[in-house]
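A short worksheet on the structure shown next.
The values are calculated or read from the model by the stated rules, or taken from the named source; none is laboratory data. Computed from a prediction, not measured in an experiment: that's the story for all the values here. Because the Cβ atoms are built from the backbone with ideal geometry, glycine has one as well, and the counts that use them run over all protein chains shown.
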Amino acid sequence: MKQILTKAILASFSLLLLTTGCRKRDALEADNLVNFETTSQGINATETNITIKIELVRPTDRDIPVTINLSEQGVVYATDYTTVPATTAGKLQLIIPAGSNEMSFTLSKVNGVLFDGDEKLLFDIYSSGAPVFIGNKKRLTLDFGELVATNSSLTVNGGGVLYPNKVFIDLSANRATAVNRNSWDLGFYTGADDFRVILNSSSAMMAKQLTKNDLTQVTAADTIGFSTEVAFNQFAPTTISLPYIDYPNGDLSRTAIAAISTTAADNKVYIVNRGLAPGSPAASRGWKKIRIIRSATGGYTLQHADIAATTFQEITISKEDASYFKYISFENGTVAVEPEKMKWDIAWTFFSNVTNFGTGEVPYLFQDIVLLNRNVQAAKVMTATKAFADFTEADLAGQTFATAQTAIGADWRSGGGPGAAPAVRTDRYYIIKDGTNNYYKIRFTSLTQNGERGYPSFELVLIKKG
């Protein structure tokens, strides 16, 4: 009996050691690496400066010093270009601050310098502070001329599981611009043919029109019942809220805010639910009352105030052709959000979408949405029809291209609902025609980075140069 008990105890002890050992091994994290965001970028003739990012796999609890070596091909520091911070003996000394997983530096052309277009700079990560190692993307080539990327991969810096960033991606320049989705409220269309205003669809904004056209005459009494009607409800979504969002396909005739009339009296007051800020739980961004009229200079005048206020503030927004929209924050006025219209193709974001549970479309918040710019088209190809590696320029003629901003949308990934883990759909890829008639094939390769949502990756191959 004692012998049996001893064997049982030893077996239990061995199992405990085995389990503990497994837990320790499972707890070991992969190496933390420093990489350039991308391995090639271009600065074209119309650009005066460019931002270059380096990234960690994950933040650390200490500052990480990083040394970058520069190699010049046809350019000379201070004569042709400068950097911030400045170089010393051909090296950049950078610090990735504790708690952050990235930092950037800026390169600027010297005023008046002309470039032939064949000049290059090579940036090499030379060293990094412990406990960070140098990753595979340790060299970046910067071309002083228009770069048309031919084959690349990119991990989108969405900021992690809380999705704090909306990321605009320029495929030909192999460049991504991340903007905090909490930094703006309204976008004002700059096209000459229409006067339209969009909501921040990445922050779950909604807007409902009142019958009044005087902001000072609107009080809290005008908003009774709005807290449930003019709001997203993921647990009990309803079709009644659908008119209060911008329809997700990007059609400017289906925005929550009506076209801005030349007759001032026809422009009504709207009650705006500013939606949700990134967070867990996501905090309310509050409510506003707004009215928009046309300005005397051919743009817009935005009037805005808190619901109970008896006065209001005004912001004048001019129309400019460089970008499709100019963006306004109620707190900060005009803010930089979307790059110029020819400097981005797709965007990744948290998004105010619609879904249908069988009773009609309802507003529904989605993660990992991919949007098209207004000058971009996309077509879907199933791998059963043509493998990604086999698709060539000859296959373009058989494709049907769509222009809706949600032409890709959430189609590239599956799951995400109750009991269903999200995953990249590997049975499809997309053909994208950009604003300068370059054709790319793009397939998504990962939904996460080190198991964390908010860092999707894709692979890109140029099929035909415009």
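Considering each of Asn136, Asn213 in turn, give the residue that is assigned to a loop (DSSP other than H, G, I, E, B), more than 13 Å from the chain's Cα centre (by Cα) and in the same structural domain as Thr301 (by TED's automatic domain parsing).
Criteria check complete, one pass: Asn213.
Per-residue answers, yes or no, for (1) without any contact (Cβ under 8 Å) to a residue 60 or more places away in the chain; (2) more than 30 Å from Asn437 (Cβ to Cβ):
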| position | (1), (2) |
| --- | --- |
| Ile293 | yes, yes |
| Thr301 | yes, yes |
| Thr334 | yes, yes |
| Asn353 | no, no |
| Gly360 | no, yes |
| Pro363 | no, yes |
| Asn375 | no, no |
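Can you pull out the residues in the stretch 31-48 that are hydroxyl-bearing (Ser, Thr, Tyr) and not in a strand (DSSP E or B)?
Thr38, Thr39, Thr46, Thr48
Please enumerate the residues belonging to the stretch 366-389 that are modelled with pLDDT of 95 or more and either more than 27 Å from Thr155 (Cβ to Cβ) or assigned to a strand (DSSP E or B) (or both).
Ile369, Val370, Leu371, Leu372, Gln377, Ala378, Ala379, Lys380, Val381, Met382, Ala384, Thr385
Could you tell me which of the residues Asn332, Asn373 is in contact with a Gly (Cβ under 8 Å, 6 or more places away or on another chain) and not hydroxyl-bearing (Ser, Thr, Tyr)?
Asn373
Evaluate the stretch 266-282: report whether one residue or more is more than 29 Å from Arg453 (Cβ to Cβ), in contact (Cβ under 8 Å) with a residue 24 or more places away in the chain and in a helix (DSSP H, G or I).
Yes, there is a match, as at least one residue in the stretch 266-282 is more than 29 Å from Arg453 (Cβ to Cβ), in contact (Cβ under 8 Å) with a residue 24 or more places away in the chain and in a helix (DSSP H, G or I).
Considering only the stretch 68-91, state which residues are part of a loop (DSSP other than H, G, I, E, B) and either among the charged types (D, E, K, R) or in contact (Cβ under 8 Å) with a residue 60 or more places away in the chain (or both).
Listed by number, the residues that qualify are Gly74, Val75, Asp80.
Just the residues that are touching a Phe, Trp or Tyr at 6+ places or on another chain (Cβ under 9 Å) and of a type in the set (Gly, Ala, Ser), please, taken from the stretch 322-360.
Within the stretch 322-360, Ser329, Ala336, Ala347, Ser352 qualify.
So, Thr141, is that one surrounded by 14 or more Cβ atoms within 10 Å (Cβ to Cβ), within 29 Å of Leu372 (Cα to Cα), touching a Leu at 6+ places or on another chain (Cβ under 7 Å) and not aromatic (Phe, Trp, Tyr) or not?
For Thr141, the condition - surrounded by 14 or more Cβ atoms within 10 Å (Cβ to Cβ), within 29 Å of Leu372 (Cα to Cα), touching a Leu at 6+ places or on another chain (Cβ under 7 Å) and not aromatic (Phe, Trp, Tyr) - is met.
Any residue in the stretch 49-57 that is within 30 Å of Ala322 (Cβ to Cβ) and part of a loop (DSSP other than H, G, I, E, B)?
No.
Consider the stretch 196-232. How many of its residues are surrounded by fewer than 14 Cβ atoms within 10 Å (Cβ to Cβ) and not β-branched (Val, Ile, Thr)?
Looking only at that region, the number is 6.
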